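Read the figures in this text as sums done on the coordinates, not as results from a lab. Worth saying up front: this structure is predicted, and the values here are computed from it rather than measured. Heads up, the Cβs are rebuilt from the backbone with ideal geometry, glycines too, and the neighbour counts pull from every protein chain shown.
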Amino acid sequence: MKEIVEFRIIMRYAHFLFRDDEGTNLGDSVKVVRIDKNDPRFNAIGELQKKACEKNNLFFTYFEYKRSYTETEINNAEWFQMFQTRHFEPSGEECGTIYDESSACPICGSGAKQLSPLKLKRSSIPKADMAVTIAWGDEKVVSERFVNLVRDNNLKGMDFEPVISSANRGQKLNYYQVRPQYYLDFSKKTVFGRTPFDLSGKVPGYTLEGVQPDGTLVKKVIPPEIYKCPNGDNMGLCLLTEAYIKSDSVLNGLDFFASKQTIGGRRGVIRQDHLFFCSNRMMRLIKENNLKGFKFEVAHIVDE
Ligand SMILES: [Zn+2]
């Protein structure tokens, strides 16, 4: 496996580490660079981010791990993490999907039960075979073509629920919400954190102070955000390694499961996310049938 990390660097600071002709520029304000973790500049990115954060600023605004595999590594892998590459809005909640927030974890906000069918705006759903709303959470939908592939090949581990149009009362769309039948534990080998350089599980709260035009002092209390929940339900803001899952006897004969614990943060309509995993056979069928909206990475099943 070859692993590099893509960063979006604030352009006016990029010259601290990168030549003008390195990476690609997104307009005038952001430079996108891909860098190996063995490059000495990798850790320098972390140091500059830390210094920038101390001044309420940022050196990079986004990062993403890019992992590539040899054919042998893909052939030998039994399980893959299944990523959704297509995102869309409005979210289910904005379209009238009802959640019971009282059932969510009081510390991290994960796990609110969905009380109604998933409602979505039909025209907003991408023409793909799997997609997720900008809310993440369980708002992952698949096409009829995907459902038929699962049923025709007797792939095990998934149920599907109808998705309802937000415009026409009760009209079923030809998309389905994925409902995993099994949820399995992350191994402690999996690393979570806020960025590759910051493995902390929370951001402390703070108070914003400002003065209104009439001279009144206003204070706004921003609460702490807890990503690594002491209740054990949410693991962190981001997954920083390949996923490691604790071995379980239900895996025999299974083609799909989700992580029991979630990752991410609860903010506005955004919800924490159970990660999806599929068997080598399911990954191959998706690729052979040219289904769209997927990306795969090797996942590891381990004893501890
Ligand atoms: Zn929690």
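Some observations on this one:
- Karplus (6.51, -1.76, 1.60) ³J(HN,Hα), θ = phi - 60°, over segment 240-257, in Hz, Gly and Pro reported as x: 10, 10, 4, 7, 10, 10, 6, 4, 8, 5, 5, 5, 4, x, 8, 10, 7, 7
- Here the simple spin-label model places points 7 Å from the Cα toward Cβ, and for Glu101 and Glu64 these points are separated by 3.1 nm.
- Gain on full stretching of the segment that runs from Arg122 to Asp159 - 0.36 nm per residue minus C-alpha separation: 11.2 nm
- The chain - Rg over Rh from alpha carbon coordinates, Kirkwood radius: 0.99
- Residues Leu120, Leu240, sorted so that the one with the fewest Cβ neighbours within 10 Å comes first: Leu240, Leu120
- Relative contact order [Cα under 8 Å, 6+ residues apart], the chain, whole percent: 20
- Relative pair counts by distance (%), Cα atoms of segment 241-284, 10 Å bins: 22, 46, 24, 8
- Its relative contact order, with pairs defined as Cα atoms under 8 Å and 6+ residues apart, puts segment 1-68 at 50 percent.
- Between Asn174 and Asn289, the simple spin-label model (points 7 angstrom out along Cα→Cβ) gives 1.5 nm.
- Rounded to whole Hz, the Karplus (6.51, -1.76, 1.60) HN-Hα couplings of segment 91-99, x for glycine and proline: 6, x, 4, 5, 9, x, 5, 9, 10
- Set of lysines near Lys228 by C-alpha distance (under 22 Å), chain-local residues within fewer than 8 positions excluded: Lys50, Lys113, Lys188, Lys189, Lys202, Lys246, Lys260
- With both residues required to sit in the chain, DSSP beta bridges show an antiparallel share near 85%.
- Net charge of the neighbourhood of Lys260, taken over other residues with C-beta under 14 Å away and scored Lys/Arg +1, Asp/Glu -1, is -3.
- Charge context of Pro223, other residues only, Cβ under 12 angstrom, K/R +1, D/E -1: +3
- Here the peptides 104-113, 204-213 are ranked by packing, the mean other Cβ count within 10 Å, and the order with the highest first is 104-113, 204-213.
- Counted charge near Asn289, where neighbours are those whose Cβ lies closer than 12 Å (Asp, Glu -1; Lys, Arg +1): +1
- Placing dummy labels 7 Å off each Cα toward the beta-carbon, the span from Val191 to Ser249 is 3.5 nm.
- Residues whose amide H lies under 5 Å from that of Leu184, counting only those 5 or more places away or on a different chain, are Ala258, Ser259, Lys260; hydrogens are built 1.01 Å from N in the peptide plane.
- Residues whose amide H comes within less than 5 Å of that of Thr85, counting only those at least five positions distant or on another chain, are Phe294, Lys295 (H built at 1.01 Å from N in the peptide plane).
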